[in-house]
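Report on the structure given below.
The values are calculated or read from the model by the stated rules, or taken from the named source; none is laboratory data. Quick caveat, the model's predicted, so the values are computed rather than measured. Glycine gets a Cβ as well: all are built from the backbone with ideal geometry, and neighbour counts include every protein chain shown.
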Ligand SMILES: NC(=O)c1ccc[n+]([C@@H]2O[C@H](COP(=O)([O-])OP(=O)(O)OC[C@H]3O[C@@H](n4cnc5c(N)ncnc54)[C@H](OP(=O)(O)O)[C@@H]3O)[C@@H](O)[C@H]2O)c1
């Protein structure tokens with residue numbers, strides 16, 4: 001099979017299209033023929049170095065896939081060859097490839113309402129949003145959430161999930177994305193280049209921080225007593241959390257086929273639509289990563305792994 005791998009950490013030029021043996025599914029795993037894979041910031045962060053040790057190399061990047069189950073390993077229930085699935089992959093499995101053998105518990109049936117390209121955009125960003133605002137943030141209907149970075153991969157799902165749950169959604173983004181983020185369900189949108197969110201927002205139940213730095217530092221004052229500050233990037237200062245009478249945590253998203261199935265039901269109900277900004281062929285994974293790292297992306301960048309894609 002074809003796979004895009006790195007043998008050294010560094011720039012996008014370190015990504016190489018190679019021929020590798022097709023994996024075999026172990027007990028508990030399914031072999032998936034990948035039709036689309038998506039690109040996340042973690043992929044270029046790993047590739048740039050400093051994230052994983054040298055002995056992780058060589059490595060096939062990519063944590064998100066959508067495709068067709070080709071083979072089912074022993075002790076797998078709920079999946080059969082021919083099923084259309086999507087999954088967030090475990091850390092040491094690569095999605096920039098034509099096949100992957102993945103734990104069945106990490107997979108879910110692909111929502112029927114979307115194609116494979118859109119489905120590949122969902123798992124890592126969608127699960128990060130779900131686990132951040134609901135599992136860690138405890139966001140409930142009627143509560144107020146402030147989402148920093150509402151137009152990005154994770155943020156555009158968080159806005160839609162929170163709105164679907166019946167929360168009041170406030171989001172920050174660049175001016176050109178304000179109408180997009182409003183359409184996703186935010187009732188208030190703030191251009192972070194022009195306005196300080198803390199001048200407009202108060203009594204927030206959950207701040208979902210996808211930016212860190214001074215954006216996280218300025219977020220304490222908008223929280224109400226008993227609120228929560230949840231970050232994908234930086235461990236918040238626990239002394240300040242105690243002082244402000246709020247909960248605060250940093251977390252790492254993890255694969256979860258059950259939550260992915262729940263997200264799939266929202267997609268099939270038309271309440272959530274993944275936004276794919278750009279699509280690249282597998283062989284140009286370098287171009288896709290370059291674009292996500294440097295350009296302004298609305299939603300997600302996806303790799304088309306269909307062999308006919310050029
Ligand atoms: N811990 C975990 O498990 C986990 C999981 C997923 C992601 N992450 C991390 O979380 C971050 C977000 O991920 P992502 O996939 O959503 O990234 P992304 O698609 O690159 O989106 C980031 C968004 O943040 C916006 N932004 C930048 N500076 C901002 C500011 N000061 N105020 C408000 N918005 C700002 C950007 O808007 P502009 O383009 O307009 O500047 C962009 O839309 C990344 O750093 C990623 O590595 C962590």
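Structure notes:
- Residues within segment 200-221 that are in a helix (DSSP H, G or I), more than 14 Å from the ligand (Cβ to nearest atom) and either exposed (fewer than 14 other Cβ atoms within 10 Å of the Cβ) or touching a residue at least 60 places away in the same chain (Cβ under 8 Å) (or both), tallied: 1
- Leading residue by the ranking (farthest from residue 279 (Cα to Cα)) among those in segment 128-138 that are touching a strand residue (DSSP E or B) at 6+ places or on another chain (Cβ under 7 Å) and crowded, with 24+ Cβ neighbours inside 10 Å: 137
- Residue match in segment 237-251 (condition: within 15 Å of residue 134 (Cα to Cα), touching a helix residue (DSSP H, G or I) at 6+ places or on another chain (Cβ under 7 Å), touching a residue at least 12 places away in the same chain (Cβ under 8 Å) and within 14 Å of the ligand (Cβ to nearest atom)): yes
- Across segment 245-296, the number of residues qualifying as outside the structural domain of residue 103 (by TED's automatic domain parsing), touching a strand residue (DSSP E or B) at 6+ places or on another chain (Cβ under 6 Å) and part of a helix (DSSP H, G or I) comes to 4.
- Scanning segment 164-181 for residues that are more than 21 Å from residue 219 (Cα to Cα) and away from the ligand (no atom under 12 Å from the Cβ) gives 164, 165, 166, 179.
- Selection status of residue 95, in contact with a helix residue (DSSP H, G or I) (Cβ under 6 Å, 6 or more places away or on another chain) and buried (at least 23 other Cβ atoms within 10 Å of the Cβ): no
- Scanning segment 258-305 for residues that are within 12 Å of the ligand (Cβ to nearest atom), at pLDDT 95 or above and surrounded by fewer than 17 Cβ atoms within 10 Å (Cβ to Cβ) yields a total of 1.
- Test result for residue 132, in contact with a helix residue (DSSP H, G or I) (Cβ under 8 Å, 6 or more places away or on another chain), closer than 30 Å to residue 20 by Cβ, within 11 Å of the ligand (Cβ to nearest atom) and not assigned by TED's automatic domain parsing to the domain that holds residue 285: no
- Scan of segment 18-55 for residues that are exposed (fewer than 15 other Cβ atoms within 10 Å of the Cβ) and part of a strand (DSSP E or B), ordered by number: 18, 19
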